[in-house]
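S.K.: First, the structure itself, so that you have it in front of you.
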Amino acid sequence: MDISGGQAPFYMQLREIVRYKIETGEYAPCTALPSENELADTFSTTRQTVRNAIDALVNEGLLRRVAGKGVYVLGKKIQRDLEILQGFTQTMLDRNVTPSIKVVKKVVRPAGEKYGLMFGIKPEDDIFYVKRLCYGDNEPVSLEEIYIPRTLIPKISGIDLSVFSIYEVYELYGINLERAYQTIDLVHLEQNDARMLGISVDFPVILFECTSYDDQGRIIEVSRSYTRGDKCRFSVNFHR
């Protein structure tokens with residue numbers, strides 16, 4: 001197949017052909033692409049053109065280079081709707097993705113000035129701090145840090161948060177989430193956190209900082225979620 005026709009640069013034409021083969025399943029998830037030499041022969045172009053096309057798709061999160069092994073096709077990105085107040089577990093289940101949680105840390109600590117002010121409690125009052133690694137189909141998707149006043153869920157220390165979602169715990173305690181305020185940013189993780197997500201420290205992640213309120217207007221949770229952009233696609237519907 002000759003892709004030299006048309007006005008677009010060669011690598012852009014090849015990029016779209018490879019993208020189409022990924023979308024139609026000809027290049028299946030978790031399988032290796034043909035080598036650069038094979039692709040260059042197949043499409044009557046140069047290895048540099050092939051490399052440029054592949055680099056573009058790597059940057060989009062459709063492909064992954066593995067040193068010494070080649071280029072692999074990644075699975076489809078998980079669609080997450082930013083308008084819906086929903087926990088990680090239910091979001092994954094709704095997308096037919098199998099969720100799993102690994103609790104990295106769960107401690108009781110003083111609220112301090114910052115969280116005391118946010119939760120409307122004294123700085124010396126206790127809050128729960130939970131750090132957990134969230135997986136979709138056994139692939140690390142996000143690293144979450146969650147802060148909750150101890151008075152809301154006094155027995156959370158005895159709850160296995162790798163089995164029960166935070167939202168399920170809220171329901172068990174009669175806490176009704178009503179709204180949340182969320183900000184989005186791009187950041188880099190420290191080495192240990194990046195390693196848990198299976199990325200390098202140079203790979204930026206999407207930081208979601210969220211403050212959640214119940215139906216009584218109380219702040220009941222403050223969280224930070226460091227999410228791999230190559231694993232998720234986010235959508236928002238705008239209205240007039």
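The values are calculated or read from the model by the stated rules, or taken from the named source; none is laboratory data. Note that this is a predicted model, so its numbers are computed, not measured. Every residue, glycine as well, gets a Cβ built from its backbone with ideal geometry; the counts of neighbours run over all protein chains shown.
S.K.: Between a first residue in the range 188-201 that is at pLDDT below 95 and a second residue that is acidic (Asp, Glu), which pairs have beta carbons less than 8 Å apart while being 6 or more apart in sequence or on different chains?
M.R.: The qualifying pairs are His188/Asp202; Gly198/Glu139; Val201/Glu190.
S.K.: Tally time: how many residues in the range 138-177 are more than 30 Å from Gly229 (Cβ to Cβ) and hydroxyl-bearing (Ser, Thr, Tyr)?
M.R.: 3
S.K.: On to the next question. List the strands (runs of 3 or more DSSP E) that sit entirely inside the range 133-240 and contain at least 1 residues that are polar (S, T, N, Q) and buried (at least 18 other Cβ atoms within 10 Å of the Cβ).
M.R.: Here the list reads 139-149, 205-214, 219-227.
S.K.: Still on this structure, I have one more. Considering only residues of the range 115-127 that are touching a residue at least 24 places away in the same chain (Cβ under 8 Å) and part of a loop (DSSP other than H, G, I, E, B), which is farthest from Ile184 (Cα to Cα)?
M.R.: Selected residue: Asp125.
S.K.: Does at least one position in the range 139-155 carry a residue that is touching a Leu at 6+ places or on another chain (Cβ under 8 Å), in the same structural domain as Val103 (by TED's automatic domain parsing), small (Gly, Ala, Ser) and closer than 14 Å to Lys102 by Cβ?
M.R.: Checked the range 139-155: at least one residue is touching a Leu at 6+ places or on another chain (Cβ under 8 Å), in the same structural domain as Val103 (by TED's automatic domain parsing), small (Gly, Ala, Ser) and closer than 14 Å to Lys102 by Cβ.
S.K.: How do the pairs read when you match residues in the range 128-143 that are without any contact (Cβ under 8 Å) to a residue 40 or more places away in the chain with residues anywhere that are among the small types (Gly, Ala, Ser), using Cβ under 6 Å and keeping only pairs 6 or more apart or on different chains?
M.R.: Sorted first by the residue in the range 128-143, then by its partner, the pairs are Tyr135/Ser100.
S.K.: Further question: Can you tell me which residue within the range 5-55, out of those that are part of a helix (DSSP H, G or I) and of a type in the set (Asp, Glu), is farthest from Arg65 (Cα to Cα)?
M.R.: The residue in question is Asp41.
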